[in-house]
Amino acid sequence: MQQNYERGYAYSKGIGVPQDFAQAAKFYRAAAEKGHVAAQHDLAYLYEHGLGVECNFKQAAEWYRKAALQGDAEAQNNFGALHATGRGVPQSDG
């Protein structure tokens, strides 16, 4: 799980390998599906911004939600921002 996250991170930043968001998404997903909180957050970010995957706010919200439920503060903030703007989830300002 951690190894997949580290590979995803390397591809997302271009550390030791050419930057490749599609490869990053592949490795992040493998780790995220096993509950790796940072991978869930970073995969959500890729979906939110359409990096290596098609922009998909519903997927971004789902992965942010999973990371948020594990206590990731940035994911909590980003999940809330999606709610505030109604991107991928019903709009809610409360």
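Values in this text are rule-based calculations from the coordinates and carry no lab data. The model shown is predicted, which means the values in this text are computed figures rather than measured ones. Cβ placement follows ideal geometry from the backbone for every residue including glycine, while neighbour counts extend to all protein chains displayed.
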query: In region 38-61, how many residues are at negative phi and either among the aromatic types (Phe, Trp, Tyr) or buried (at least 19 other Cβ atoms within 10 Å of the Cβ) (or both)?
result: 15
message: So, in region 67-94, exactly how many residues are β-branched (Val, Ile, Thr) and within 26 Å of Lys34 (Cβ to Cβ)?
response: 1
task: Report, by residue number, each residue of region 78-94 that is farther than 16 Å from His41 by Cα and either assigned to a loop (DSSP other than H, G, I, E, B) or touching a Leu at 6+ places or on another chain (Cβ under 8 Å) (or both).
output: Gly86, Arg87, Val89, Pro90, Gln91, Ser92, Asp93, Gly94
statement: Selection from region 23-49 of residues of a type outside the set (Lys, Arg), touching a residue at least 24 places away in the same chain (Cβ under 8 Å) and more than 20 Å from Gln76 (Cβ to Cβ) yields Gln23, Ala24, Ala25, Ala30
- request: Would you be able to tell me the number of residues in region 21-77 that are more than 18 Å from Glu6 (Cβ to Cβ), part of a helix (DSSP H, G or I) and of a type in the set (Val, Ile, Thr)?
  value: 0
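Out of all the residues in region 11-20, which are out of contact with any helix residue (DSSP H, G or I) (no Cβ under 6 Å at 6 or more places or on another chain) and either touching a residue at least 12 places away in the same chain (Cβ under 8 Å) or assigned to a loop (DSSP other than H, G, I, E, B) (or both)? Don't jump to the end; show me each part of the working.
Residues of region 11-20 that are out of contact with any helix residue (DSSP H, G or I) (no Cβ under 6 Å at 6 or more places or on another chain), as a first pass: 13-15, 18-19.
Correct list: Gly14, Ile15, Pro18, Gln19.
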